[in-house]
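Please treat every number below as a calculation from the coordinates, not as lab data. Note that the structure is predicted; figures quoted are calculated from it, not measured. Ideal geometry is used to build each Cβ from the backbone, glycine not excepted, and the neighbour counts take in all protein chains shown.
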Amino acid sequence: MLLLKKHLVDLVREGKKRQTLRFWTRPIVSEGQVSYTPGLGRMLIKRIDLIRDISELTQTDAQADGFRDLPELLAELHRIYPVIPPAGKKLYRIIFEWPVPDNHAKLPKSTGPRRRSGNEKPGHAQRDKSTAMKAANSADKTGKRSRAATGKLTSEEVEAENSSALQRPPTRTEMLQLRDWILIHAKG
């Protein structure tokens, strides 16, 4: 799950925002993953870059992030993260595509890293992923694609998806993301 503030969600909808910056201990999304973002639905994570120092950010980064210029981007970062960099965190550039392109295979929902139970053999998770990908690709060949796969959801469909997520306990990753989101937005 990739959370964005409301005014940033609007920039994505307008096509002005194609990337976001995050201070994380490690990336919590991965390249090629279809991630859910409240207010937008699904988005494709195209690339994740480690930025070694905030001074490496450019005007191009600011514009891809939906800002007029670099000072405006830096001001927003300082508003969200009062101390830059936060202790023990690194800056990541997440480049995404929204809506998810029609030709992209629908991937199973990611709930974070899969942990093996004690009786599972190594490599089992990879076979499960491969089977899911084959099923998604065969659904694509039939031409039948759900609206969720395209990222174009109505508010009722987003609500239904959100309510189904509430029927299972949140993963540790989701809890950490929610905690970070609350901490960031409580200060704003």
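Here are a few things to note about the model shown:
- In order along the stretch 61-74, the phi-based Karplus estimate (6.51 cos²θ - 1.76 cosθ + 1.60, θ = phi - 60°) of 3J(HN,Hα) comes to 4, 4, 5, 5, 8, x, 9, 5, 8, 4, x, 5, 4, 4 Hz; Gly and Pro are listed as x.
- Residues 58, 37 in ascending order of nearby Cβ atoms (within 10 Å, fewest first): 58, 37.
- Potential extension, residue 14-residue 59 segment - 0.36 nm per residue separation minus Cα distance: 14.3 nm
- The loop-placed trypsin sites (Lys or Arg not before Pro) in the stretch 52-106, going by DSSP, that have at most 11 neighbouring Cβ atoms within 10 Å of their Cβ come out as 52, 68.
- Placing R0 at 30 angstrom, the Cβ-Cβ distance between residue 180 and residue 69 gives a FRET efficiency of 0.65 after rounding to 0.05.
- Relative contact order of the stretch 1-66: 40 percent, from C-alpha pairs under 8 Å at least 6 residues apart in sequence.
- Counting neighbouring beta carbons within 10 Å and listing from fewest to most, the residues 43, 1 come out as 1, 43.
- Contour excess over end-to-end distance, with Cα ends at residue 84 and residue 51 and 0.36 nm allotted per residue: 10.6 nm
- Residue order for 76, 56, 14, fewest other beta carbons within 10 angstrom first, comes to 14, 56, 76.
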